[in-house]
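Colleague: There's a structure below that I have some questions on.
The values are calculated or read from the model by the stated rules, or taken from the named source; none is laboratory data. What you see is a predicted model, and the numbers here were worked out from it, not measured in a lab. Cβ: placed from backbone, ideal geometry, glycine included. Neighbour counts: every protein chain shown. Accessible surface is based on the protein model in full, side chains and every heavy atom, while ligands, DNA and RNA are left aside. Shrake-Rupley method; radii C 1.70, N 1.55, O 1.52, S 1.80 Å.
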Amino acid sequence: MNFLRGVMGGQPAGPQPSGAETIQKLCDRVASSTLLEDRRDAVRALKSLSKKYRLEVGTQAMGHLVNILQADRSDSEIIGYALETLYNMISNDEEEEPEESEDGDSSGLGKRNSKSVMLEENSQKQADDLGVQFTEIFIKEQENVTLLLSLLEEFDFHVRWPGVKLLTALLKNQCAQVQGVILVSPMGVSRLMDLLADSREVIRNDGLLLLQQLTKGNAAIQKIVAFENAFERLLDIITEEGNSDGGIVVEDCLLLLLNLLRNNSSNQNFFKEGSYIQRMKPWFEVGDDNSGWSAQKVTNLHLMLQLVRVMVCPVNSPGATSSCQKAMYQCGLLQQLCTILMATGVPADILTETINTVSEVIRGSQVNQDYFASVNAPSNPPRPAIVVLLMSMVNERQPFVLRCAVLYCFQCFLYKNQKGQGEIVATLLPSTIDANSISAGQLLCGGLFSADSLSNWCAAVALAHALQDNLTQKEQLLRVQLATSLGNPPVSLLQQCTNILSQGDKISRRGSKVQTRVGLLMLLCTWISNCPIAVTHFLHNQANIPFLTAQISENLGEDERLVQGLCALLVGICIYYNDNSLENYTKEKLKQLVEKRIGKENFVEKLGFITKHELYSRAAQKPQPTFSSPEQMLFDHEFTKLVKELEGVITKAVHKSSEEEKKEEEVKKTLEQHDSIVTQYKELIREQDTQLNELKEQVSSLKTENEQMQATITHQLSQIQQHKDQYNVLKLKLGKDSAQQLSAQAEGAQVNGLQSEELTGLREEVEELRKQHAELQVQLREKDALIDKLRSGPAPPVEGIATSSENNAELLKELETLRSKVQSQTAEIGQLQAERRDLLKKAMVSVPTAAGSTDGAGDSGKIAELESRLVALMGETEKLKEEAKSSLESRAGLERQLAEANSTVAILQTEKAKLQQEVADSKKEQDDLLMLLADQDQKIQTLKSKLKDLGEPIEDEDDLDTRDQFDEDEDEEDDEDDEN
């Protein structure tokens with residue numbers, strides 16, 4: 001402890017140890033101390049010396065500090081000291097200390113001599129090299145980085161914060177190597193993403209800086225961070241901090257978003273599909289009062305606009321760019337940007353970047369381009385936004401970058417927008433010119449012929465974009481007439497451009513503007529390329545070709561070479577797209593002129609000056625015109641494409657001789673004939689292909705129908721086989737009794753006619769039985785009345801005893817007759833029941849037999865017919881439908897016959913049940929009648945015995961016999977009638 005006091009506090013007397021010695025002793029104390037407090041004090045002392053003695057601490061203490069991180073993780077204080085010491089060794093960020101001047105102020109930076117500045121630069125370079133070396137030593141063991149990542153899971157502020165700063169310093173010094181270690185570390189990126197959720201702002205903010213370094217140039221880590229919900233967290237932080245009005249934290253979030261999205265199509269697609277584009281709209285909601293923008297707000301809004309441009313950058317895939325442009329229009333982001341575009345008081349750099357952003361949002365999107373065309377500036381009277389922007393472009397007092405941005409916006413508005421191109425050209429046509437308002441065409445013509453060379457170049461390029469790949473507008477622009485001065489006839493726009501070009505050449509002798517002539521030549525080349533009518537109009541002026549050949553053939557300075565190359569390109573276009581309508585300027589005569597006046601090799605060499613120019617390759621890289629100075633604005637991106645396309649074909653056209661030209665024309669004619677023949681054959685092949693496809697469809701449909709028919713026929717054959725089996729079973733059952741089968745078939749043939757007659761006979765028999773039963777009941781009632789009369793009558797006299805005995809004899813006789821009659825009726829009822837059962841058996845046997853015989857006869861014929869049809873089906877597919885239809889009809893007929901037979905059987909069964917019920921009722925009534933007769937007989941016997949005992953006279957038995965005989969005769973007659 002005394003040693004530490006000597007280091008930290010007052011210095012004792014005697015010789016003082018050097019810094020290296022002190023650090024060596026502290027390292028020994030860290031390595032050998034057993035008490036945690038001693039190690040903690042030693043690490044604290046190393047931390048205090050790590051800035052002044054950075055090299056010594058780094059070389060001697062790094063290994064001991066790493067051991068502390070591994071061994072003493074339970075003590076957050078010593079871990080924090082160790083992390084801070086490592087950060088001081090590795091970090092290259094030195095704290096800025098103001099230097100005092102000779103006058104005592106701190107603004108002596110301007111008074112320092114160059115020697116001190118060089119010394120500071122050298123020392124800073126050495127410090128940077130030292131930090132890189134320590135970083136290499138630290139990350140040489142990958143376990144050290146993994147250990148640092150695990151320490152970041154500690155929530156303690158004194159551990160997490162220095163750990164974040166240390167890892168950030170490591171990434172700054174050796175980004176790729178540390179990224180590789182973190183990428184292979186399990187949950188390494190996820191641990192770092194957790195820093196954004198820390199409630200302590202200082203850790204969250206330093207975590208943003210750490211993620212910025214982590215995501216630089218590593219697409220794999222960028223994807224992992226994006227899928228760890230980084231977009232959601234970053235957008236939430238931006239919203240919490242106040243969007244564009246936020247502080248440095250918003251800037252850090254935007255920089256991290258740029259790292260994640262720039263040149264990463266996967267993350268861009270994820271950002272779009274996650275509906276995060278819609279959350280960008282509130283960023284650009286600026287108020288009416290745009291005065292007093294803070295520098296931080298300008299920086300934030302500038303980064304926000306860059307984020308929008310990243311999503312719709314022209315180098316992105318067309319599909320992804322188109323979908324992002326659509327989303328920006330649908331959510332109102334484009335409308336919000338146009339509001340900023342037309343607002344007042346917006347800083348110039350923000351306005352410029354907004355114009356560039358709007359340009360790329362509308363580029364190639366018809367819907368967005370149409371919306372932009374409808375935007376009006378808040379002026380009185382309202383003017384279209386395009387007109388207001390063009391006014392800034394041709395105004396030489398506007399900033400150069402703003403004019404370049406307006407030109408880019410106009411180019412993007414016309415890119416693949418034939419509708420917009422037509423609207424711009426229409427403002428130049430005589431029928432649509434409005435003298436009371438300023439149009440886009442008027443502004444372009446004014447800029448084209450102004451004294452400012454930059455305005456000339458911008459207007460020429462803008463007008464060339466209105467003609468790009470649009471033959472109709474090239475021909476329409478030939479109608480434009482210009483009034484040059486009072487009293488002189490109007491001249492065409494094409495002629496005026498060549499006039500200015502020739503006049504510029506005269507002025508150029510006095511040091512003129514190359515930029516103007518380059519712009520006009522680019523406009524003329526774009527205008528007449530692939531437009532023979534425009535070439536004819538250009539050649540119609542007799543002075544144009546001599547002027548161009550004179551320009552090409554002269555030996556001018558280095559600055560004029562580009563003009564010579566463009567003049568050669570213009571002449572080459574006149575040769576290549578010449579339709580030979582002018583006798584003096586046919587293809588052959590122009591080539592002879594080039595050969596005599598210029599020379600073919602010299603012409604091709606001058607043509608090659610264009611692509612060899614240093615600014616050509618820069619303009620060919622990207623569509624946006626980015627120039628550091630106005631003098632560098634010489635080439636347009638779309639024009640470089642045209643040069644690349646035409647240079648080769650023009651060279652070939654110039655070198656071809658007349659004979660080769662004739663041969664080529666013959667070849668062209670032959671090719672045209674060949675093409676016409678090929679076209680005819682192609683049409684024939686298309687027709688045959690169409691017919692073949694139709695036939696294929698028919699064949700497939702017929703195959704389907706055939707399969708359906710085959711299935712139907714198979715099903716019908718199975719049904720027919722079932723009918724055959726049923727027929728054979730019935731035949732076997734009925735084969736034992738052929739005679740009975742024949743009678744059953746005979747009866748079955750007339751079953752429908754006999755069933756009703758038999759039923760009628762049965763009903764009549766039942767009615768007869770009912771009548772007889774009623775008569776018997778009447779007789780019984782008469783007998784009952786007689787018995788009651790006998791019971792209630794007076795006692796017979798003595799003299800009437802003989803008479804009563806006779807009556808009794810007659811009564812007994814009558815009773816016997818009644819018994820015999822009842823017995824005969826009972827036998828007759830039994831016989832009727834037997835006959836009824838026989839009839840029912842016959843009916844049950846005849847119905848299926850008849851059905852079976854009918855089916856069997858029909859089925860055998862149908863089977864033969866079906867077999868013959870099946871043979872015919874194999875060769876004649878067209879008859880399938882009719883045969884199937886007939887099969888279906890026959891099947892329906894069989895089903896109807898079966899249904900009729902089943903209904904007949906059901907009816908017979910119903911009638912049988914009714915008859916059985918009626919017979920049962922009759923039997924029951926007969927039984928009741930027999931019981932009554934037995935009771936009556938018993939009563940009569942009893943009464944007779946009593947009368948005999950009393951000596952009463954009984955009715956004569958002869959009378960009873962006579963009556964019984966009469967009744968028996970009547971019964972026999974009734975039976976004979978029934979039998980008949």
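Colleague: How about the stretch 258-314: which of its residues are part of a helix (DSSP H, G or I) and in contact (Cβ under 8 Å) with a residue 60 or more places away in the chain?
Modeller: Met304
Colleague: Give, as residue ranges, the helices (runs of 4 or more DSSP H) completely inside the stretch 1-95 that count at least 2 residues that are modelled with pLDDT of 80 or more and β-branched (Val, Ile, Thr).
Modeller: Fully inside the stretch 1-95 and qualifying: 19-32, 54-71, 76-90.
Colleague: Testing Leu183 on (1) hydrophobic (A, V, I, L, M, F, W, C); (2) under 35 Å from the mean Cα position of the chain (by Cα); (3) crowded, with 21+ Cβ neighbours inside 10 Å, one condition comes back false. Which one is that?
Modeller: Unmet for Leu183, out of (1) hydrophobic (A, V, I, L, M, F, W, C); (2) under 35 Å from the mean Cα position of the chain (by Cα); (3) crowded, with 21+ Cβ neighbours inside 10 Å: (3).
Colleague: Say we look at the stretch 885-909 and pick out the residues that are closer than 24 Å to Thr712 by Cβ and in contact with a Leu (Cβ under 9 Å, 6 or more places away or on another chain); which of these is modelled with the highest pLDDT?
Modeller: Per the criteria, the residue is Ser890.
Colleague: Under 6 Å between Cβ atoms, which residue pairs at least 6 apart in sequence (or on different chains) link something in the stretch 691-720 that is closer than 27 Å to Glu889 by Cα with a partner that is among the polar types (S, T, N, Q) and in a helix (DSSP H, G or I)?
Modeller: So the pair list comes out as Gln716/Ser887.
Colleague: So which of His537, His637 ends up being within 28 Å of Lys416 (Cα to Cα) and in contact with a strand residue (DSSP E or B) (Cβ under 8 Å, 6 or more places away or on another chain)?
Modeller: Answer to the selection: His537.
Colleague: Could you tell me which residue of the stretch 43-96 is surrounded by the most Cβ atoms within 10 Å (Cβ to Cβ), considering only residues that are in contact (Cβ under 8 Å) with a residue 60 or more places away in the chain and hydrophobic (A, V, I, L, M, F, W, C)?
Modeller: Ranking the candidates gives Leu86 first.
Colleague: Those residues that are under 20 Å from Ala774 (Cβ atoms) and at pLDDT 80 or above, I need them from the stretch 910-919; list them, please.
Modeller: Matches in the stretch 910-919: Gln917 only.
Colleague: Any idea which residue in the stretch 167-179 is most open to solvent (accessible area, probe 1.4 Å), counting only those that are over 17 Å from Val189 (Cβ atoms) and part of a helix (DSSP H, G or I)?
Modeller: Step by step, filter the stretch 167-179, then rank; the result is Lys172.
Colleague: Looking only at the stretch 200-211, decide whether some residue is assigned to a loop (DSSP other than H, G, I, E, B) and modelled with pLDDT of 90 or more.
Modeller: Within the stretch 200-211 (the criterion being assigned to a loop (DSSP other than H, G, I, E, B) and modelled with pLDDT of 90 or more), the answer is yes, since at least one residue qualifies.
Colleague: If you don't mind, there's one more thing I want to ask. Just checking, does the stretch 571-584 include any residue being open to solvent by less than 10 Å² (accessible area, probe 1.4 Å) and either out of contact with any Leu (no Cβ under 7 Å at 6 or more places or on another chain) or free of Cβ contacts under 8 Å to residues at least 40 places away in the same chain (or both)?
Modeller: yes
Colleague: Quick check on this structure: which one of Gln418, Gln336 is modelled with pLDDT of 90 or more and either more than 27 Å from Ile277 (Cβ to Cβ) or among the aromatic types (Phe, Trp, Tyr) (or both)?
Modeller: Gln418
Colleague: Out of all the residues in the stretch 659-673, is one or more among the hydrophobic types (A, V, I, L, M, F, W, C) and modelled with pLDDT of 75 or more?
Modeller: no
Colleague: If you take the residues in the stretch 298-322 that are of a type in the set (S, T, N, Q) and open to solvent by less than 40 Å² (accessible area, probe 1.4 Å), which one is modelled with the lowest pLDDT?
Modeller: This residue is Asn316.
Colleague: So the check is Cβ under 7 Å with 6+ separation or different chains; which pairs have a first residue in the stretch 532-558 that's free of Cβ contacts under 8 Å to residues at least 40 places away in the same chain and open to solvent by less than 60 Å² (accessible area, probe 1.4 Å) and a second one that's among the polar types (S, T, N, Q) and in a helix (DSSP H, G or I)?
Modeller: Close Cβ pairs (under 7 Å, with a partner that is among the polar types (S, T, N, Q) and in a helix (DSSP H, G or I)) amount to Leu556/Gln564.
Colleague: Taking the condition open to solvent by 60 Å² or more (accessible area, probe 1.4 Å), assigned to a helix (DSSP H, G or I) and of a type outside the set (Lys, Arg), does Thr239 pass?
Modeller: Yes, satisfied.
Colleague: Run Gln941 past the list (1) open to solvent by less than 80 Å² (accessible area, probe 1.4 Å); (2) modelled with pLDDT under 75 and report the number of the one that doesn't hold.
Modeller: (2)
Colleague: Out of contact with any Ser or Thr (no Cβ under 9 Å at 6 or more places or on another chain), not in a helix (DSSP H, G or I) and not aromatic (Phe, Trp, Tyr): is that true of Glu153 in this structure?
Modeller: yes
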